[in-house]
Amino acid sequence: MAQNLTRKILSAHLAKPSEMKAGEEIFLKVDQTLTHDINAVMTYLAFEAIGLDRTRVETSVSYLDHNLLYLDHKTPDDHIYLQSAAKKFGVYVSRPGNGICHAVQVARFGAPGKLSMGGDSHTPHGGSIGMLCIGVGGMDVATAMTGVPMRLKMPQVIRVNLTGKLKPGCNAKEVILEMLRRNTVKGGLGKVYEYVGPGASTLEVSDRVTITNMGAELGATTSIFPADEMVRKFMTAEGREEEFVELCPDEGCSYDGEIEINLSELEPLIACPHQPDNVTTVWEVEKKKVQQVLIGGCTNGSYKDIAKAALVLKGHHVQEDVSCTCTISSKQIYKQLLKDGYLEMLIDAGVRLLELACGPCCAIGQSPATDGVAVRTTNRNFKGRAGNPTAKVYLVSPETAAATAITGTFTTAEEIMGADVAILDEIKEPEHYPVDDSMIIKPLTNEEAAKVEIVRGPNIAPLPVPDAPEQYLNCKVSLKTVDNITTDDITPASAEFSSMRSNIPLMSQYCYHRYDPTFAARAKELGRSIIIGGENYGQGSSREHAAINPMYLGVKAVIAKSMARIHKGNLVNHGIIPMIFEDPSDYDRIDQMDELEIENLRDQMMTREVTVNDRTKGISFKAKLELSDSELEVILCGGQLRYLKEELKNMGVIQETIE
Ligand code: F3S
């Protein structure tokens, strides 16, 4: 039977059941895992606690790429721990300075047809080369590393038919911003977007990564392009042509839905504060004085992106009130740009080249000024994401960012270059990248690994393990949130906060710090509590600290109007019961500090419908558990670590469970 590309890859990795039905749970064998420094300590602590001596997937890579600002001992402690844990467990390490995880993964490890799970929401970046790449929480990565098939709700597969060709001055960023404008940050829930059609074959891999990477902002499970001639060209340029396999949807295959986008009709677009789907054209947006421009990041830090930005800036200078910085996505791209003279153009124009790292994208340096307007080519503009909740962040293409840096207000490349904008179309990805893997540490042999001691500095605190839910729950509402709470709201990012993530007792003191600085102390004092959330609770980054920190503070359940996929999985993994209001209007009847009571909780959970009594208001309401059978087992067991250890013990792989 003719199959679309997504189903082809899923069926090649299917462990059970024998059929894949949209909305039902499937279990998949994983080929590759990815972790990065500011989320990974929990992953490797969990892997240590599981008790296996080596990763059991083909390729696991640990990236030291997000936080390279060593403000004090904490981050270097983390990096030394991670590097030693990788040596112990047979994991590759991409050292600081080699580049941003997704760019390096696709260039040096990815291959068409593989299935990857990464502890970062932008893992779908790898869909650019015909891989199926899914962002998950850190505990899930630890689970995948055991070789146990991973659960996934079978997504719907949506065909995105691209026609036409991008105009000069337009970027693949316009495609994903158009998708967000049409479909919103919730539109992709439970979906895979498969980009096909004649327009898709005009896009190089560096264009495709912008779309698949930022597809995370749609809430999608992942996004994918076929492995076609463009992918062959990319793999050849990486010196890995032998790993290329052509992989396209079968002719006549079916999809669960279809979207049409004519690339020729797209104009330069801009996402306005504070959501990536708040999109309009650069022509129409209200002009504001811009304080900061950031070009690069994993979404738009490719050779072509940076070269185009350099050409827009050539012969101009960054406006005197603008701070303009650039984060190139990998060392090999940096070297090629240097060789071809583009870095000189950027430097001459007054652009400051930053480290080959995520840095400002996750608030590690370069926070905007008070009330500052920042224009970025990255993928998220949530309030506070850039490190300053008063800042207003706009998302654009590198071409628009460069033009904006020149004028100090929102400007397109065409407005700067006139008819010369056509020369941007001539920039293509190199035929060969200056490949140099000397910054990648290869896994040790089993004998060598056995001698490695894992190094634990004082910042590496033990992993907290939750208890199983009890039959009777009586506690107060420690927080009632608005809609679209992000994991950045729950666990703020910055150089300072990110360096605390391996120390939960410390980090939990800053839980919801930017949203409600009184929350952590209140939750701790209550001892046990429930959070009430609005729509799309937990959207954004995959960081599982947004589950671990509330769990550590005694949060037993989150009841929301709707919930983001990765965050829901993280709550399950860390023993917090995720519930959805059966009637969303009940949200309005509950207030912070109301006393809630649930009787026969465990029995009610089995029915997936729970009656909650609000003893303060004297009312009752119903909440649903939108969980699969195995997710329910996990949560009843007290989280993924307890569950997995039970399972591995039953399989005879390990001896001990958690008491
Ligand atoms: Fe890094 Fe930002 Fe991408 S934090 S992985 S550059 S989304």
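Below, the figures for the structure above:
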| item | result |
| --- | --- |
| Relative contact order (%) - criterion: Cα under 8 Å, at least six apart; region: region 385-511 | 22 |
| Residue pairs, from the table Lys173/Lys289; Lys74/Lys114; Lys165/Lys442; Lys186/Lys392, whose Cα atoms sit over 31 Å apart | Lys74/Lys114; Lys165/Lys442 |
| Loop GluC sites (Glu not before Pro), region 106-200 (other Cβ atoms within 10 Å of the site Cβ: 12 or fewer; DSSP) | none |
| Scattering curve values for the chain, log₁₀ I(q)/I(0), Debye with Cα scatterers, q = 0.06, 0.08 Å⁻¹ | -0.30, -0.55 |
| Per residue solvent-accessible surface (Å²) - region 244-330, probe of 1.4 Å | 39 |
| Sparsely packed GluC sites (Glu not before Pro) within region 467-576, loop by DSSP, other Cβ within 10 Å at most 13 | Glu470 |
| Considering only the chain, percent of DSSP beta bridges that pair antiparallel, nearest 5 | 35 |
| Cα-centre dipole for region 58-195 with unit charges at Cβ (Lys and Arg positive, Asp and Glu negative), debye to 20 | 520 |
| About the Cα centre, charge dipole magnitude for the chain (Lys/Arg +1, Asp/Glu -1 at Cβ), debye | 800 |
| Dimensionless Rg ratio for region 594-659, taking C-alpha atoms and the 2.2 N^0.38 Å reference | 1.47 |
| Relative contact order (%) - the chain, alpha-carbon pairs under 8 angstrom, separation at least six | 15 |
| Rounded percent of accessible protein surface that carbon and sulfur make up, region 359-471, 1.4 Å probe | 52 |
| Region 1-56: radius of gyration and largest Cα-Cα distance (Dmax), Å | 15.5, 44 |
| Region 485-528 shape via C-alpha gyration tensor axes, a/c threshold 1.5 | oblate |
| Whole-number accessible area per residue in Å² for region 370-412, which is evaluated in the context of all protein chains at 1.4 Å | 18 |
| Heavy atoms of Glu633: accessible area, 1.4 Å probe, square angstrom to 10 | 100 |
| Separation of alpha-carbon centers, region 361-408 and region 439-507, rounded to whole Å | 27 |
| Within the accessible area of region 99-232 (1.4 Å probe), percent carbon and sulfur | 53 |
| Local electrostatic count at Pro17 - Lys and Arg +1, Asp and Glu -1, tallied over other residues with Cβ under 10 Å | -1 |
| Gyration tensor (alpha-carbon) shape descriptor, region 418-545, a/c threshold 1.5 | oblate |
| Percent antiparallel among DSSP beta bridges (both partners in region 523-633, rounded to 5) | 50 |
| Helical contribution to [θ] at 222 nm, DSSP H n ≥ 4, -39,500 (n - 2.57), averaged over the chain, rounded to 500 | -8000 deg cm²/dmol |
| 5 Å binning of all Cα-Cα separations within region 383-462, expressed as whole percents from 0 upward | 3, 10, 9, 9, 10, 9, 11, 11, 9, 8, 6, 4, 1 |
| Relative contact order computed over region 1-104 (Cα-Cα under 8 Å; 6+ residues apart), in percent | 25 |
| Neighbourhood charge, 10 Å Cβ-Cβ cut-off, centred on Ser264 and excluding it, Lys, Arg +1 and Asp, Glu -1 | +1 |
| GluC sites (Glu not before Pro) within region 406-443, DSSP loop, no more than 10 other Cβ atoms inside 10 Å | Glu431 |
| Net charge over other residues, Cβ less than 10 angstrom from the Cβ of Val231 (K, R count +1; D, E count -1) | -1 |
| Percent accessible area from carbon and sulfur atoms, region 487-530, protein chains only, probe 1.4 Å | 50 |
| Inter-centroid distance (Cα atoms) of region 199-227 relative to region 599-658, Å | 36 |
| Extension gain (nm, one decimal) between Trp283 and Asp348, 0.36 nm per residue minus Cα-Cα | 20.6 nm |
| Whether region 8-149 is rounded, prolate or oblate, judged on the alpha carbon gyration tensor where a/c under 1.5 counts as rounded | prolate |
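The values are calculated or read from the model by the stated rules, or taken from the named source; none is laboratory data. Since we're looking at a predicted model, the values are computed, not measured. Please note: Cβ atoms are built from the backbone with ideal geometry, for glycine as well, and neighbour counts cover all protein chains shown. Ligands, DNA and RNA are excluded from the accessible area calculation, which covers all protein heavy atoms including side chains. Shrake-Rupley method; radii C 1.70, N 1.55, O 1.52, S 1.80 Å.
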